Amino acid sequence: MSIAQISLPKGVGPHAEKLFDAITQASTAEELNRAAGKAEGFVLGLESTKAIKSQVAESLYVAYDDAASQRAGELS
């Protein structure tokens, strides 16, 4: 799933894409873990402040997790 497919509030999309790109372009496992952690914290913050609905948060979590899993496989 791509971040572009998720309906995000104005201003959130570019940050979400930047975090997604950091995950998909990580060059080491450590860099990947750091990028994935930042992405998870980002979604948690949005969800906690009710800036996004829980369904949107779940979509973001899935997108970031899928990207991280794929990248981890590529780095192995």
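Each reported figure results from applying straightforward, stated rules to the coordinates on display, with no laboratory input. Because the structure is a prediction, the values reported are computed rather than measured. Note that we place each Cβ from the backbone using ideal geometry, even for glycine, and neighbour counts take in every protein chain shown.
Give the residues of segment 58-75 that are within 16 Å of Ile3 (Cβ to Cβ) and either surrounded by fewer than 15 Cβ atoms within 10 Å (Cβ to Cβ) or charged (D, E, K, R) (or both), sorted by residue number.
Selection gives Glu58, Val62, Asp65, Asp66, Ser69, Gln70, Arg71.
Filter segment 38-57 for residues that are surrounded by 11 or more Cβ atoms within 10 Å (Cβ to Cβ), among the basic types (Lys, Arg) and outside any helix (DSSP H, G or I) and give the result.
Lys53
Considering only residues that are under 11 Å from the mean Cα position of the chain (by Cα) and in contact (Cβ under 8 Å) with a residue 24 or more places away in the chain, look in segment 36-57 and name the one that is farthest from Ile6 (Cα to Cα).
Ala36
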